[in-house]
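The values are calculated or read from the model by the stated rules, or taken from the named source; none is laboratory data. Nothing here was measured: the structure is a model prediction, and the numbers come from that model. Ideal geometry is used to build each Cβ from the backbone, glycine not excepted, and the neighbour counts take in all protein chains shown. What goes into the accessible areas is simple: the full protein's heavy atoms, side chains included, and nothing from ligands, DNA or RNA. Shrake-Rupley method; radii C 1.70, N 1.55, O 1.52, S 1.80 Å.
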Amino acid sequence: MPIIKTEAFVLKSFKYGETSKIVTLFTKDFGKISAILKGARNYRSRSCGVLETMNYINSVIYYKENKDIHMLSTAEYIRSFPEILRNYEKLQTSYRIIEIINKSLFENEVNKSVFDLLIRTYERLNNCDNDLEFNILFFQIELIKIMGLGPDLSKSNETFLDFIELPLDKNQKTLLGIFIKHNFEELINMDIEKEDVNRLIESYERFLLSHTNGSKFYTTKKIMLELNKFI
């Protein structure tokens, strides 16, 4: 069983047994995998607290192809994103992005460009103070582009953009063009209605789901909507 070293982002983490943890990792070099680290919850362990959801880590894994769960040898912080954890709205955005990754990528599907995009998105989300919706839309646009599904804005069609699953009206197409042409820092200084951004996010979510087998909605979004009723 070969030993591999790779950067990873913790997508999901849950307790197993008395002291262990099973995690879903999006690794830079081996794609999305599941792994177990024995003793991870032992306070004396160097890995205690490292395998929490949304941590960016270095991992050493006993990796075997075609195995459902691999064995983690060690896990060490590269960085965490504390400002996301302290802010409920940032946390909502964060979990929506994680679910997009989980439902858009197959097990063991290696995509270093998506991995780098995910880390950049979390660093930006951790540091920004407002316009959190922009982070989701930026992520969706770049993800679809990397996956080779992005619309061709050079077409003159104002409502269709070549995709039955992504019908955009003229205003949405104009807004999409603005997001593609400008960087994040430029956009936050523009007068852009959040309602328009959210409408475009919804359109992209439907498009992504149409390319996801067995999914009709994002669970995280539904849960957050219910929680918001009590806040």
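Any chance you could count how many residues in region 172-200 are farther than 24 Å from residue 120 by Cβ, open to solvent by 60 Å² or more (accessible area, probe 1.4 Å) and touching an Asp or Glu at 6+ places or on another chain (Cβ under 7 Å)?
The total comes to 0.
Among the residues of region 85-98 satisfying the criterion of being without any contact (Cβ under 8 Å) to a residue 12 or more places away in the chain and closer than 16 Å to residue 135 by Cα, which is least open to solvent (accessible area, probe 1.4 Å)? So that I can check it myself, show each step before the final result.
To start, the set of residues in region 85-98 that are without any contact (Cβ under 8 Å) to a residue 12 or more places away in the chain comprises 86-87, 91.
This time we only want the ones that are closer than 16 Å to residue 135 by Cα, so: 87, 91.
Working: 87: 57, 91: 39 Å².
Checked region 85-98; the qualifying residue least open to solvent (accessible area, probe 1.4 Å) is 91.
Condition check: within 15 Å of the chain's Cα centre (by Cα), of a type in the set (Asp, Glu), in a helix (DSSP H, G or I) and modelled with pLDDT under 95. Does residue 89 satisfy that?
Working: within 15 Å of the chain's Cα centre (by Cα): no; of a type in the set (Asp, Glu): yes; in a helix (DSSP H, G or I): yes; modelled with pLDDT under 95: yes.
Spelling it out, it is not the case that residue 89 is within 15 Å of the chain's Cα centre (by Cα), of a type in the set (Asp, Glu), in a helix (DSSP H, G or I) and modelled with pLDDT under 95.
Could you grab me the full set of residues in region 19-34 that are of a type in the set (Phe, Trp, Tyr) and part of a strand (DSSP E or B)? Please lay out each step first, then the result.
Of all residues in region 19-34, those of a type in the set (Phe, Trp, Tyr) come to 26, 30.
Hit for region 19-34 is 26, nothing else.
If I filter region 37-72 down to residues being in contact with a Lys or Arg (Cβ under 7 Å, 6 or more places away or on another chain) and at pLDDT below 90, which single residue comes out as most open to solvent (accessible area, probe 1.4 Å)?
41
Starting from region 120-140, take each residue that is more than 17 Å from residue 202 (Cβ to Cβ) and list its partners that are of a type in the set (Gly, Ala, Ser) and surrounded by 20 or more Cβ atoms within 10 Å (Cβ to Cβ), counting only C-beta distances under 7 angstrom and pairs at least six apart or across chains.
Short answer, once both residue conditions are applied: 125/94.
Working only within region 1-30, note down all residues that are open to solvent by 50 Å² or more (accessible area, probe 1.4 Å), over 19 Å from residue 106 (Cβ atoms) and not small (Gly, Ala, Ser).
If the condition is that a residue be open to solvent by 50 Å² or more (accessible area, probe 1.4 Å), over 19 Å from residue 106 (Cβ atoms) and not small (Gly, Ala, Ser), then 1, 2, 3, 5, 7, 14, 15, 16, 18, 19 are the ones that fit.
Of everything in region 73-84 that's assigned to a helix (DSSP H, G or I) and open to solvent by less than 70 Å² (accessible area, probe 1.4 Å), which residue is nearest to residue 137 (Cα to Cα)? Walk me through it before giving the result.
Start the filter on region 73-84 by keeping residues that are assigned to a helix (DSSP H, G or I), which leaves 82-84.
Filter once more, keeping what is open to solvent by less than 70 Å² (accessible area, probe 1.4 Å): 82, 84.
Numbers: 82: 22, 84: 17 Å.
Here the answer is 84.
Can residue 178 be described as more than 19 Å from the chain's Cα centre (by Cα), modelled with pLDDT under 55 and under 23 Å from residue 130 (Cα atoms)?
Numbers: more than 19 Å from the chain's Cα centre (by Cα): yes; modelled with pLDDT under 55: no; under 23 Å from residue 130 (Cα atoms): yes.
When the stated conditions are applied, residue 178 does not pass them.
In region 99-114, is there at least one residue being open to solvent by 30 Å² or more (accessible area, probe 1.4 Å), over 30 Å from residue 201 (Cα atoms) and in a strand (DSSP E or B)?
There is no residue in region 99-114 that is open to solvent by 30 Å² or more (accessible area, probe 1.4 Å), over 30 Å from residue 201 (Cα atoms) and in a strand (DSSP E or B).
Return yes or no: is residue 171 modelled with pLDDT of 55 or more, assigned to a loop (DSSP other than H, G, I, E, B) and of a type in the set (S, T, N, Q)? Steps first, answer last, please.
Values: modelled with pLDDT of 55 or more: yes; assigned to a loop (DSSP other than H, G, I, E, B): no; of a type in the set (S, T, N, Q): yes.
No; evaluated as a whole, the condition is false for this residue.
Suppose we filter region 201-231 for residues that are at pLDDT 60 or above and open to solvent by 90 Å² or more (accessible area, probe 1.4 Å); how many remain? Even if it seems obvious, please write down each step before you answer.
Step one: list which residues in region 201-231 are at pLDDT 60 or above, which gives 201-212.
With the extra rule that they be open to solvent by 90 Å² or more (accessible area, probe 1.4 Å), the set shrinks to 206.
Here the count works out to 1.
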